[in-house]
1. Assuming a ≥ b ≥ c are the square roots of the Cα gyration tensor eigenvalues, decide whether segment 227-284 counts as rounded (a/c under 1.5), prolate (otherwise, with a/b larger than b/c) or oblate.
2. So which GluC sites (Glu not before Pro) in segment 79-161 pass both tests, a DSSP loop state and at most 13 other Cβ atoms within 10 Å of the Cβ?
3. Amide H to amide H, which residues 5 or more places from LEU231 or on other chains are under 5 Å from it, using H placed in the peptide plane?
Amino acid sequence: MALLYGLLWRLLLVLVHVNRAFVCWLRARTRCFKGRLWERALASLLLPVAFTDFPVEQKKNHRNPDSKAVDADSPAERQALFLNDGKSLEKLPVHIGLLLVDEEPSYTDVANLVVWCLALGISHVSVYDDNGILQKNNSVLMHEITQLQRHLLGVEGSKVEFLSNGSEKHVVSCRPVVSVLSPEDGKQSIVQAAQQLCRSVENKEKSPKDISVSMLDSLLREFRNIPDPDLVLKLGPVDSTLGFLPWHIRLTEFISLSTHRNVSYEDLLGALHRYGACQQRLGK
């Protein structure tokens, strides 16, 4: 909705400029006539339309969010504006997943999305591509994220814990967490939990009747002490989860964007507003 308002705002501005140019052309043409009455009549009809400004409140509502937070003068001001945008949302996900389905990831664009999410107050961000390219080159992505954080938020706003190549690590810090995932992360957790249950039955610590969904779920929580994703942004044209944490997305909301390349801060806010408007009925 915010993107639609922005497009309408730009269209109206274009129409205003066209109208002004048309008025100037007419005024130049009417000087060829000796009668001043014709010129005054045209000016009285067209000039009010050309120079009419939109209401101040309407300008505020359609202002591009990029100019508010991303383009603020100082890191402290940018950080405050980001947090204010996060508080203005209907609900903010605790854990957001970025699912890339494009063939070749753009590290700069991915870093932008990650840093904006963290700046808004989202405490866990998971980045996933089904080819495992980001996980193989996680140092490049981490460098991009760290540099962008320092540029936008300053040194104090760049304290993040990175998890990669084994997301089952327990998170003990209070810092925001960025996980770089591949298809093996979700599958490996389920395999390890199943093996542990089988060993328990083999050692007669449990019977097959004791095994349940809740028991498997608790084991998976031990392996991966990060909350399930509340929201996943699917960034690309393919309508598939591509193996993204299959056990952990039972209650996850999915929102699609056409690509992860050149996604603006406004696009991200629009997706978060859509998430805030969703009502999770949990099977009811």
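1. Working: a/c = 2.22, a/b = 1.29, b/c = 1.72.
In terms of gyration-tensor shape, oblate.
2. On the way: sites: GLU90, GLU103, GLU144, GLU156, GLU161; in loops: GLU90, GLU103.
Listed in order of number, the matching sites are GLU90, GLU103.
3. HIS95, GLY97, GLU253
A short reminder: the numbers here are calculations on the coordinates, not readings from a lab. Owing to the predicted nature of the structure, the values given are computational and were not obtained by experimental measurement. We place every Cβ from the backbone using ideal geometry, glycine too, and count neighbours over all the protein chains shown.
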